[in-house]
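A short write-up of the structure that comes next.
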Amino acid sequence: MKPKFNMTREQNIFVAKRNIVDYIYKSAKLEGLGVTYPDTEAIFNGVSASGVKVSDIVAVNNLKHAWQFLLDTLDVPLDYAYLCKLNQLVGGDSLIYNAGYIRSLPVTIGGTSWKPDMPVEDNIKARLTDFQAIENPTERAIEVMLYCMRGQFFLDGNKRTSMLAANQIMIASGGGIISIPEDLIRDFTQLLVDFYETDDKKAIAQFVYDNCIDGMAFTN
């Protein structure tokens with residue numbers, strides 16, 4: 001799973017900033033938020049978006065702040081504290097109960113009867129440390145993302161948090177940006193449910209690699 005893009009960090013930051021509204025929109029759609037791309041762009045730019053639920057406006061603004069934090073902290077190790085900070089930003093302004101803290105309640109997931117185990121802080125810390133041994137940053141990013149998604153460590157916002165964590169790794173290494181195209185959300189969601197139920201990540205990891213990494217081929 002070699003890197004699909006070989007940008008410098010500065011080039012990757014440029015791509016992220018250039019397309020940030022699109023990435024936020026796609027992330028919002030993945031979570032089922034009722035916003036259009038024009039809505040997302042208006043909210044991002046601080047313009048009123050009529051007819052949009054307040055909670056959806058908050059969610060988009062939170063993603064904006066989380067992306068800004070991510071781009072400002074590319075040299076910070078992706079550890080347990082960083083993951084919790086991302087969820088805190090994703091769930092801020094009372095959007096998610098107890099945002100930034102691992103859940104102490106059982107949760108269910110739509111589309112499957114499978115239930116994730118209760119998260120254990122020490123186990124999460126150890127696994128995030130183990131992932132640092134994966135030399136290929138693209139592979140490491142996908143592994144971290146899928147681990148965090150299946151773990152369902154927080155009461156909500158797990159997919160958003162997991163993708164942000166993965167993109168911190170991707171952008172820091174110049175490997176591109178992970179983003180689920182809108183027309184592939186259904187396929188991705190089905191693969192994600194299969195992964196939840198079987199803990200076999202091969203199919204969804206390959207799908208993400210083949211279809212969900214964005215970037216630019218800069219010429220030097």
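The residues in region 24-38 that are of a type in the set (Gly, Ala, Ser) and not in a helix (DSSP H, G or I) can be counted, and the count is 2. Applying a threshold of 7 Å to beta carbon distances and a minimum spacing of six or more residues, or different chains, the list of pairs starting in region 108-134 at a residue that is within 13 Å of ASP79 (Cβ to Cβ) and ending at one that is of a type in the set (Val, Ile, Thr) and not in a loop (DSSP other than H, G, I, E, B) reads PHE131/VAL144. Here's a check for you: in region 3-23, which residue that is among the polar types (S, T, N, Q) and part of a loop (DSSP other than H, G, I, E, B) is surrounded by the fewest Cβ atoms within 10 Å (Cβ to Cβ)? Across region 3-23, the extreme among qualifying residues is THR8.
Check region 134-144 and report whether any residue there is within 18 Å of the chain's Cα centre (by Cα), buried (at least 21 other Cβ atoms within 10 Å of the Cβ), polar (S, T, N, Q) and farther than 22 Å from HIS65 by Cα. Yes, that holds for at least one residue. In the condition set (1) surrounded by 13 or more Cβ atoms within 10 Å (Cβ to Cβ); (2) in a loop (DSSP other than H, G, I, E, B); (3) of a type in the set (S, T, N, Q), SER48 is compliant with all but (1).
When we screen ILE124, ILE134, ILE96 for residues that are within 16 Å of LYS159 (Cβ to Cβ) and of a type outside the set (S, T, N, Q), the only hit is ILE96. Picking from residues in region 183-220 that are modelled with pLDDT under 95 and not hydrophobic (A, V, I, L, M, F, W, C), the one that is farthest from the chain's Cα centre (by Cα) is ASN220. Confirm whether ASP122 is surrounded by fewer than 19 Cβ atoms within 10 Å (Cβ to Cβ), more than 18 Å from the chain's Cα centre (by Cα), outside any loop (DSSP other than H, G, I, E, B) and acidic (Asp, Glu). The answer is yes for ASP122. Per the listing TYR97, TYR101, the residue uniquely in a loop (DSSP other than H, G, I, E, B), in contact with an Asp or Glu (Cβ under 8 Å, 6 or more places away or on another chain) and aromatic (Phe, Trp, Tyr) is TYR97. Residues considered: LEU74, LEU105, LEU83, LEU70. Of these, the only one that is surrounded by 14 or more Cβ atoms within 10 Å (Cβ to Cβ) and under 24 Å from LEU192 (Cα atoms) is LEU83.
Counting only helices (runs of 4 or more DSSP H) wholly contained in region 135-220, the ones carrying 3 or more residues that are under 18 Å from GLY111 (Cα atoms) and among the aliphatic types (A, V, I, L, M) occupy 185-198.
Going through (1) under 25 Å from GLN190 (Cα atoms); (2) over 15 Å from the mean Cα position of the chain (by Cα) one by one, MET149 falls short only on (2). Hey, among the residues in region 168-220 that are among the charged types (D, E, K, R) and under 21 Å from PHE131 (Cβ atoms), which one's surrounded by the most Cβ atoms within 10 Å (Cβ to Cβ)? Across region 168-220, the extreme among qualifying residues is LYS201. Restricting attention to region 71-94 and to residues that are part of a helix (DSSP H, G or I) and of a type in the set (D, E, K, R), the residue that is farthest from the chain's Cα centre (by Cα) turns out to be ASP72.
The values are calculated or read from the model by the stated rules, or taken from the named source; none is laboratory data. Not measured: the values here are computed from a predicted model. Here the Cβ is made from the backbone with ideal geometry for all residues, glycine too, and neighbour counts use every protein chain on show.
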